[in-house]
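The values are calculated or read from the model by the stated rules, or taken from the named source; none is laboratory data. In this text, all values refer to a predicted model and were calculated from it rather than measured experimentally. For neighbour counting, all protein chains shown are included, and Cβ atoms are generated from backbone atoms with ideal geometry for every residue, glycine included.
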Amino acid sequence: MDNHSYIHFFYFFKMNHKKNNSFKNQSGKDRNQYKIMVVDADMIGIMGGTGVYEIVEMGEDIEKRVIETPYGESPEISTFKLHDVPVAFMPRHAKGHANPPHMINYRANIYAMKKLGVDQIIATNAVGSLDLAVKPGDFLIPNDFIDFTKTRQFTFYDHKTVHVDVTEPYCPNLRDILISSGDVIGEGVYVCTEGPRFETPAEVEMFRRLGGTVVGMTGLPEAVLARELEMCYASICTVSNYATSIAPGKLTIDEVFEIVETKMKDLRTMVVEAIAKIPSGRSCQCKNALNGAEVENSIEPEDL
Ligand SMILES: [Zn+2]
């Protein structure tokens, strides 16, 4: 058999093989448990904290919803229209900052957004800077991340093998829109720690040497879970302080709050401007993230 025929044979085999197994995997689980009934479409999601919540009050037709997911209930999500664009705002930590970063139900949060019809997410994250040139009060749109979380539920695919590609961990199109919507630093590496404690000086030195620009506790696994459900995701990081031992002086917690407070208006303006610029169709590859990512019948690459 020449190469060409072999390829045809392979695809024929794969297609038929797939057909016969389309509803059950090896363990007999219903594969369609991953199919989500989407209520709406083309909705823009915002995930953030209290300072961003005020965007909801700028919208019309505000509704509050709690979404049931296989991972538990979502926090109360506000849906509204902003300049005729349907938007969903989710307070990541639930009401009143109830859940610390390591206790956030990231899977329920992202699944609920998908179920609502959100296909593009703008996340906002507070971070510490690992680089003297990136100052408190700056905004940074990360283009890459390093994951130092430890105990979180970090994937939707526990019952089938899906290796999602993160060559571009954040949606390039959404990043471009955010970069053009405000006074921002256009790239940097986001390091995510487990928390809730802050980093030690040795950890900060390690993150810096590894190429980290900023450090936070909430950006992961959110970004990966969004990719696993083929959603676009990008983050605006607000630098609230220097990470320990980076700055010559130390900021008090009051100074940190003051910086964050004064920057919230700019942050909201940036998010609103970005929403107005987001096109309804998506031309990036995020929507095809699962193409070729699943290993059929759970054959691991090392078995091949
Ligand atoms: Zn995208």
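Tallying residues that are surrounded by fewer than 20 Cβ atoms within 10 Å (Cβ to Cβ) and either among the polar types (S, T, N, Q) or closer than 11 Å to TYR190 by Cβ (or both) within the stretch 115-143 yields 1. Quick one: is GLU222 crowded, with 23+ Cβ neighbours inside 10 Å, more than 26 Å from LEU132 (Cβ to Cβ) and charged (D, E, K, R)? In short, yes.
Please work out if PHE89 is at pLDDT 90 or above and in contact with a Ser or Thr (Cβ under 8 Å, 6 or more places away or on another chain).
On the way: at pLDDT 90 or above: yes; in contact with a Ser or Thr (Cβ under 8 Å, 6 or more places away or on another chain): yes.
In short, yes.
Picking from residues in the stretch 43-64 that are over 21 Å from the mean Cα position of the chain (by Cα) and either among the hydrophobic types (A, V, I, L, M, F, W, C) or not in a helix (DSSP H, G or I) (or both), the one that is surrounded by the most Cβ atoms within 10 Å (Cβ to Cβ) is GLY59.
Let's see how each residue does on (1) closer than 19 Å to MET47 by Cβ; (2) crowded, with 22+ Cβ neighbours inside 10 Å:
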site	(1), (2)
GLY212	no, yes
MET217	yes, yes
VAL239	yes, yes
THR244	no, no
GLU255	no, no
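Of the strands (runs of 3 or more DSSP E) lying entirely inside the stretch 170-281, the ones with 2 or more residues being away from the ligand (no atom under 16 Å from the Cβ) and without any contact (Cβ under 8 Å) to a residue 60 or more places away in the chain are found at 189-193.
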